[in-house]
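Colleague: Handing you a structure now.
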Amino acid sequence: MKARAMARRGIFGMAVLSLVVYLVFPFGWALVSSFKTNAELFSTPARFWPEHPTLEHYRHVLANDDFLHAALNSVLVASSVTLVSLAIGALAAFALGRYQFRGRSLVLYVVLSMTLFPQIAVLGALFQLVNALGLYNRLPALTLTYLVFTLPFTIWVLTGFLEAVPVEIEEAAYMDGASPLQLFTKIMLPLAAPGMVTTGLLSFIAAWNELLFALSFTQTPDKRTVTYAILSFSATTSSAFEVPWGQMMAASVLVTMPLVLLALVFQRRIIAGLTAGAVKG
Amino acid sequence: MSTTASEAEKQGEVAGIRARRRARVAWAFLSPALIVTAFVALYPLCDTLYLSLTNTRLASEEPPRFVGLSNYVELVHDGFFLDALLLTVLFAVITVMLELALGLGIALLLDARFKGRSAVRAAMLVPWAIPTAVSTQMWKWMYNDVYGVFNDVLVNRLGLVSEPIAFTADPRTSLAAAVLVDVWKTTPFVALLLLAGLQLIPRELYEAARVDGATRLQAFTQITLPLLRPALLVALVFRTLDALRVFDVFYVMFGSRPDMQTLATYAHEILVSISDVGYGSAVSTAIFLVIAVFIVIYVVLFRRREA
């Protein structure tokens, strides 16, 4: 009996361990590779651990203007789209979460169906819109179009948050003579702050990870985002024939690290937001 | 009597005015979101539909003409489009099945209480947080035919194969290579979703089942699966819709290789590289239709079973 229990625990432990290895290995391998010298990277059989760890690849990447531009562009685009969708989304969520009115369920329905919206379905028209507005190859084109996927999600999650606020709080505020706008800014916004952090993180990450629109609406190296820049790495650096894998992995680690750290620090919030967005649907 | 009646009427009127005023306030708060939504989603959606019925080309001298359904007639005879359609559907079916099965297994594993569970849950976010474009590059490095770690293990350490495999170049392994990246990236999301569903199931049910002498398998099929059904359906729908519009993995891994185009990469190619907005919009609309077909299939399938 005891042996069986131990065997069961052993199998369970193995399963958990292999799960963790499966989850982190690709990132771990990129991390290890980024510290290897070229000689170690391109040797067979492969070496699992760098014998002479080097920062050479990181030095190359950080001296690459295109890469630095891309990192800055991604920060600008992801934070601007997050701020805009939080501002607009919180206003909308206040209306949807605290007011009963005709058409409310229709609006909620549209918001929900938009969270499942395939970006590619509007690519043609957005391409024309971006050109017509003179935004082609400019960062505001991305801030504007990324709202397609950040805004519905933000509204959906924040509405859930604001719905949960007890009605007594609202009544007390009105008794004190607060206007709807004061109720929103002074009472609801602070109460929705945890939800804003969650949705803000999720929309920042979604914007940081986007590729299709970045590829379609920008062109020159100084306007690319990191996901776009990482593709052109092979073409612009070193020889055209050989992919600079060491630099590629160093760049990959650099653009991924902030997100992985954010995800780990805010894991509870992110998991709650991810599953709230879905379970309710 | 009459005074109270008119008072009630008055009160009703006041309530009506108040309700209308509240509705106006609500629409005012909603308006920025509605304007943005109309501008970047609803209008472009209708415009794409309209453009698909024209021969619009970017930077063309001729003004666009209305051409009816001729773009769609062309689609049906377009071998590249049909190949992309087949590949996309195949990819969606395989990845969604794998992700649900694997995700359910992981969720069951993490539903048990053990030391370090929150650390494992945190590790689940690593694949999810990495941009797909970047993780595809990481996998390409592992897939590398000469220096990749997979070939190193298969050829040098285990000796399972004699020649290194060019995973991403060989047509026989290309689809599997893309599937693995997608499964790695999105299974955590499925698992977290199902885990949230599992944690809603009252533990007493399992206790009662054990008292009644049910086996673990019975408890799983009689309690866990039926109660997890809503979460499973949400995961199924989310993952299917996502897989049908797959772009990043294929674009980064295969570029413009003709035999590895999905509907989304094909639409992008025609819209952006060739600037044929009319035909490209028809491809975009076709993706929408394919997704609609899947939704109808799911609705029919799961309604029936419920009845």
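Colleague: Ordered by residue, what ³J(HN,Hα) values in Hz, to whole numbers, does the stretch A:163-170 give under the Karplus form 6.51 cos²θ - 1.76 cosθ + 1.60, where θ = phi - 60° and Gly and Pro are x?
Modeller: Whole-Hz 3J(HN,Hα) from phi for the stretch A:163-170: 4, 7, 5, x, 5, 4, 4, 5.
Colleague: Let me ask something additional. For a test of the definition: using alpha carbon positions, the gyration tensor, and the 1.5 limit on a/c, classify chain B as rounded, prolate or oblate. Don't jump to the answer; show the numbers that get you there.
Modeller: Numbers: a/c = 2.33, a/b = 1.13, b/c = 2.05.
Verdict is oblate for chain B.
Colleague: Rounded if a/c is under 1.5, else prolate if a/b beats b/c, else oblate: with a ≥ b ≥ c from the C-alpha gyration tensor eigenvalues square-rooted, which is the stretch A:69-191? Please list the in-between numbers first.
Modeller: Values: a/c = 2.87, a/b = 1.90, b/c = 1.51.
Here the stretch A:69-191 falls in the prolate category.
Colleague: Take the cross-link list A:Lys36/B:Lys140; A:Lys186/A:Lys223; A:Lys36/B:Lys185; B:Lys115/B:Lys185 and give me the ones stretching past 28 Å between alpha-carbons. Show your work: numbers first, answer last.
Modeller: Values: A:Lys36/B:Lys140 17 Å; A:Lys186/A:Lys223 39 Å; A:Lys36/B:Lys185 25 Å; B:Lys115/B:Lys185 25 Å.
Correct reply: A:Lys186/A:Lys223.
Colleague: Is the shape of the protein assembly as shown best called rounded, prolate or oblate, per the rule: a/c under 1.5 gives rounded, else a/b larger than b/c gives prolate, else oblate, with a ≥ b ≥ c the square roots of the Cα gyration tensor eigenvalues?
Modeller: Note, shape of the protein assembly as shown comes out oblate.
Colleague: Shifting gears a bit: For the stretch B:29-84, just the Cα atoms, rotate onto the principal axes and tell me the three extents in Å, largest first.
Modeller: Result, largest extent first: 49, 31, 19 Å.
Colleague: What dipole magnitude, in Debye to the nearest 20, does the stretch A:98-192 give about its Cα centre under +1 on Lys/Arg Cβ and -1 on Asp/Glu Cβ?
Modeller: On the way: 5 positive and 5 negative charges, 85 e Å.
Roughly 400 debye for the stretch A:98-192.
Colleague: Over chain A, what is the mean sequence separation of C-alpha contacts under 8 Å (at least six apart), divided by residue count, expressed as relative contact order in percent? Before the final figure, lay out the partial values.
Modeller: On the way: 270 pairs, mean separation 81.7, N = 281.
Worked out over chain A, it gives 29 percent.
Colleague: About its Cα centre, what dipole magnitude does chain A give when the only charges are +1 on Lys and Arg Cβ and -1 on Asp and Glu Cβ, stated in debye to the nearest 20? Walk me through the numbers on the way to the answer.
Modeller: Numbers: 17 positive and 13 negative charges, 182 e Å.
In debye, rounded to 20, chain A gives about 880.
Colleague: Mind checking the angle between helix A:65-98 and chain A's longest principal axis? C-alpha axes, 0 to 90 degrees, to the nearest 10.
Modeller: 20
Colleague: Based on other C-beta atoms within 10 Å, arrange B:Leu263, A:Leu55 from fewest to most.
Modeller: On the way: B:Leu263 27, A:Leu55 11.
By the 10 Å Cβ count, ascending, the order reads A:Leu55, B:Leu263.
Colleague: Using a simple charge model, +1 on the beta-carbon of Lys and Arg, -1 on the beta-carbon of Asp and Glu, nothing else, what dipole does chain B show about its Cα centre, in debye to the nearest 20? Provide the component values of the computation, followed by the final result.
Modeller: Numbers: 26 positive and 25 negative charges, 288 e Å.
In total the dipole reaches around 1380 debye.
Colleague: Apply the Karplus curve 6.51 cos²θ - 1.76 cosθ + 1.60, θ = phi - 60°, to the phi angles in the stretch B:35-45 and return the couplings in whole Hz, x for Gly and Pro.
Modeller: 4, 4, 4, 4, 6, 9, 10, 5, 4, x, 5
Colleague: Can you pull the mean other chain C-beta count within 10 Å for peptide B:117-123? Provide the component values of the computation, followed by the final result.
Modeller: Values: counts 1, 2, 4, 5, 3, 9, 10.
For peptide B:117-123, the averaged partner shielding equals 5.
Colleague: While we're here: Taking the number of other C-beta atoms within 10 Å as the exposure measure, put A:Lys223, B:Lys185 in order starting with the fewest.
Modeller: Numbers: A:Lys223 19, B:Lys185 23.
The most exposed by this proxy come first: A:Lys223, B:Lys185.
Colleague: Run through the stretch B:1-62 and list the GluC sites (Glu not before Pro) located in a DSSP loop whose Cβ has at most 13 other Cβ atoms within 10 Å.
Modeller: Numbers: sites: B:Glu7, B:Glu9, B:Glu13, B:Glu61; in loops: B:Glu61.
Counting only loop positions with at most 13 other Cβ atoms within 10 Å, the GluC sites (Glu not before Pro) in the stretch B:1-62 are B:Glu61.
Colleague: Now, a different point. Run the numbers on the stretch B:79-306 and let me know its relative contact order in percent, using alpha-carbon pairs under 8 Å that are six or more apart.
Modeller: Numbers: 209 pairs, mean separation 66.7, N = 228.
Averaging sequence separation for qualifying contacts and normalising by length gives 29 percent for the stretch B:79-306.
Colleague: To continue, here is another question. Name the residues whose placed amide hydrogens come within less than 5 Å of the amide hydrogen of B:Thr54, ignoring near sequence neighbours (fewer than 5 apart) on the same chain.
Modeller: So B:Thr54 has HN proximity to B:Val67.
Colleague: When only C-alpha pairs under 8 Å and at least 6 residues apart count, what is the relative contact order of the stretch B:1-108, in percent? List each step's numbers first, then the result.
Modeller: Values: 24 pairs, mean separation 11.7, N = 108.
Taking the mean separation of contacting Cα pairs over the length of the stretch B:1-108, I get 11 percent.
Rule-based calculations on the coordinates, nothing more; no lab input. What you see is a predicted model; the values in this text were computed from it and never measured. Glycine also receives a Cβ, built like all others from the backbone with ideal geometry; neighbour counts cover every protein chain displayed.
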